[in-house]
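**Q** Would you mind keeping the following structure in view while I ask a few things?
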Amino acid sequence: MTTEPTEVPQVEAKTFKAEVQQVLQILAHSLYTDREIFLRELISNASDTLNRMQFEMLTNRDVRDPEAELAIWLSADKDARTVTITDAGTGMTREELIDHLGTIAQSSARAFVEKTKDASKATASEMIGQFGVGFYSVFMVADKVTVVSRSYRPEAEAAIWESTGDDRYTIGSAEREERGTSITLHLKEDAAEFANDWRLEQIVKRHSDFVAFPIYSGDRQINQRKALWRRAPREVEAEEYQNLYRQLTFEPDEPMLHVHLSTDVPVDLHSVLFIPGKRERGLIERRIEGKVRLYSRKVLILEEAKDLLPAYFRFIEGVVDSEDLPLNVSRESVQSSPVMQRIRKTLTSRLHRELNDLADKDANAFKAFWQEFGVFIKEGIATDYESRNELLKLLRVQTTRSDGELVTLGQYKSRIIDGQQEIYYVLAASLEAAATSPHLDPFKARGIEVVLLTDLMDGFMLSGLREYEGLKLRNVDEADLELPGEVAAPEPQISEAQFTPLAERLAAILGEKVKTVRASKVLRDSPARLVSDDDMMGREMQRIQQMLGREADAAPRILELNLSHNLVAALAQRVEADVNDPIVTAAAEQLYDNALLIEGLHQNPAAMVPRILQLLEAAARTQPDQA
Ligand SMILES: Nc1ncnc2c1ncn2[C@@H]1O[C@H](COP(=O)(O)OP(=O)(O)OP(=O)(O)O)[C@@H](O)[C@H]1O
């Protein structure tokens, strides 16, 4: 009987632990999106082992190849359809290969398997980052993997580990002189694209560009290496920030502002954040999670990290890197991780401070910021209770006295009149419309400043902003405002007795649209206004609905008429002469529509045209001397 010659070096077959088998099964057969991240995982492992090697050599020079460059080498062979990644790290002995590549933490494996059961659509990048099954991700793209390694310990022998990703692997002795590890992936047919140097470089640029050790393709280094955000801010040139901004955003323009933060306490946190030059279109409406990349130990964890910043800062771009985050930080666990909370707090308050500094030091630059991103600050005022005071310092508004400039509520407060205890605002369709609002009559007469709010977001902001430094915010259209300061009431042109039939007639014409018609105590220059005695909150939400063009029936309001106004007096005379006078009907409807127009709530202005024509015709018929 002939015996097969024993393989040299001697090879031993082993079976993976059950939990590894399950994970492999899933990786090899279920994950098809984002497969390129296998390279990120291998580079991350290589970078870890290089870190360990570097550390070891601080105290121990009795290692294999003490002069070897601490680096990573990639090579692709198109014809053989292989990719090899080599590092000069600690390497692994035969036993270490068995320990590290033959097992997997049971809890991780179980969680991974559970997760894939109900998340068939989850991307590989989400799944793998999450459960620390890094190395095994090679089986997404390879049907055979060969690991040849030699430990840094001088007496250790080289070893080879090999698996086809089913339930077994082999382990044996190998020929290898240098310290470190080479992992060769024999790619599946449908993963042939990865056997391409250019493709590998592209993946490195995307996921591992800032790994601290050089990554070579041939003899060319393909990663940036020194993460800019880990350098001291004073050492970084303005141009380097711009380059980073361009690399992150693909925007050709310069950012408006960058914030570089690099600390070790209370969390290890290195971050460069950018305020873009312009607001991306549609960003207000889109509920994107955020545009900040999250690195842990210089390895990209999430491209669009959620919860690193409050939602209203979703226009901020940049990078956050922390040694304190575990590499397997996941979308779900990010939010709850205490480190994450601390990072978020540090970043948020730093941004508030930078923006307040900008406002103090460079009014023009802040104005430009406000024009692009003020709307997000308003959203923040509505939604971030904790930061409201900080955000309120950033709030800028126009007022009846600001002459087109932007002022703070602090400036408003410094100009309030004697006895004034509230901040008054008018909600209008535009600044021009606000200026013609009849609600402003009593304020003009008393010299009280009124804040002009014309953004859709303003209504939303008010839902969270009821008070500023002890001053309540009040809508000028409230029915029974008690205003400070005395002014003489204008002389009425008609008596109570003349007014009553007019009021009754207008109430009949407008029907359900109005609650009542009454004489105004405050109007001076305008003939009429609509006031409300409803709950303010409800009205503002309703206003938002209406401005968005949604069906939201306006709650009936009170129509107030100015008895000292020529138009009201003339209408009273017409009612006296003929209760059904068509001019009165048209005028009543037009007065009501005017109020909606000014507030930006009119749903169909074109429908007014026939009525306006009717009124014009009537006016044209009157002789000039009668007018
Ligand atoms: N290139 C390498 N050199 C030395 N040891 C390695 C190398 N690659 C992997 N290892 C060892 O194998 C272990 C398992 O690697 P794997 O990627 O599966 O998980 P991990 O790195 O521990 O976790 P994670 O994937 O979350 O980073 C590592 O902890 C390390 O000890």
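**Q** Count the net charge of all other residues whose Cβ sits under 13 Å from the Cβ of Q573, scoring Lys and Arg as +1 and Asp and Glu as -1.
**A** -1
**Q** To continue, here is another question. Per-residue HN-Hα couplings for segment 173-188, Karplus 6.51 cos²θ - 1.76 cosθ + 1.60 at θ = phi - 60°, whole Hz, x for Gly and Pro?
**A** 8, 9, 9, 6, 8, 6, 5, x, 9, 10, 10, 10, 9, 8, 6, 5
**Q** Give me the accessible area of T383, 1.4 Å probe, in Å² rounded to the nearest 10.
**A** 80 Å²
**Q** Let me ask something additional. What residues have an amide H closer than 5 Å to that of R401, excluding those fewer than 5 places away on the same chain, when H is modeled at 1.01 Å from N in the peptide plane?
**A** Correct list: V450.
**Q** Now, a different point. From the phi angles alone, apply the Karplus equation (6.51, -1.76, 1.60; θ = phi - 60°) to segment 609-614 and give each ³J(HN,Hα) in whole Hz, x where the residue is Gly or Pro.
**A** Once θ is set to phi - 60°, the couplings for segment 609-614 become 4, x, 5, 5, 4, 4 Hz.
**Q** Given the pairs K378/K472; K115/K188; K115/K345, which span a C-alpha to C-alpha distance of over 20 angstrom in this model?
**A** Listed pairs above 20 Å: K115/K188; K115/K345.
**Q** Under the 0.36 nm per residue contour assumption, what length would be gained going from the current alpha-carbon distance of T500 and I583 to full extension?
**A** The span from T500 to I583 would gain 28.1 nm if fully extended.
**Q** Taking every eigenvalue of the Cα gyration tensor of segment 337-386, multiplying by 5 and rooting it, what semi-axes result, largest first, whole Å?
**A** Semi-axis lengths for segment 337-386 are 24, 14, 8 Å.
**Q** Could you tell me how many cubic angstrom of Cα convex hull volume the chain has per residue?
**A** Measuring per residue, one finds 212 Å³ for the Cα hull of the chain.
**Q** Which percent of the accessible area of the chain is formed by carbon and sulfur heavy atoms (probe 1.4 angstrom)?
**A** 48 percent
**Q** Sort 58-69, 506-517 by the packing proxy (mean of other Cβ within 10 Å over each peptide's residues), most packed first.
**A** 506-517, 58-69
**Q** Once phi is turned into ³J(HN,Hα) by the Karplus curve 6.51 cos²θ - 1.76 cosθ + 1.60 with θ = phi - 60°, what whole-Hz value does each residue of segment 587-596 show in order, with x for glycine and proline?
**A** 5, 4, 5, 5, 4, 5, 5, 4, 4, 5
**Q** Still on this structure, I have one more. Please give the contour-minus-distance gain from Q545 to E486: 0.36 nm per residue of separation, less the Cα-Cα distance, rounded to one decimal in nm.
**A** Gain on stretching Q545 to E486: 17.5 nm.
**Q** Same structure, new question: If you count, for each residue, the other Cβ atoms within 10 Å and average over each peptide, how do 218-224, 242-248, 41-47 line up from highest to lowest?
**A** 41-47, 242-248, 218-224
**Q** Quick check: pseudo-label points 7 Å beyond the Cα along Cα→Cβ at K444 and A619, how many nm apart are they?
**A** It is 1.8 nm.
**Q** Suppose R0 equals 60 Å. What FRET efficiency, 1/(1 + (r/R0)^6) with r the Cβ-Cβ distance, do T103 and L471 give to the nearest 0.05?
**A** Efficiency at R0 = 60 Å is approximately 0.35.
**Q** Something else: For segment 336-408, run through the chymotrypsin sites (Phe, Trp or Tyr not before Pro) and keep only the ones in DSSP coil with at most 11 other Cβ atoms within 10 Å of their Cβ.
**A** In loop regions of segment 336-408 (DSSP not H, G, I, E or B), the sparsely surrounded chymotrypsin sites (Phe, Trp or Tyr not before Pro) are Y385.
**Q** Compute the distance in nm between two label points, each set 7 Å from the Cα along the Cα-to-Cβ direction, one at A606 and one at N356.
**A** 5.0 nm
**Q** Could you state the accessible area per residue of the chain in Å², with a 1.4 Å probe and every protein chain left in place?
**A** It amounts to 48 Å² per residue over the chain.
The values are calculated or read from the model by the stated rules, or taken from the named source; none is laboratory data. Since the model is a prediction, treat every value here as computed from it, not as a measurement. Positions of Cβ are generated from backbone atoms using ideal geometry, with glycine treated the same way; all protein chains shown enter the neighbour counts. Just so you know, the surface numbers come from the protein's heavy atoms only, side chains and all, with ligands and any DNA or RNA stripped out. Shrake-Rupley method; radii C 1.70, N 1.55, O 1.52, S 1.80 Å.
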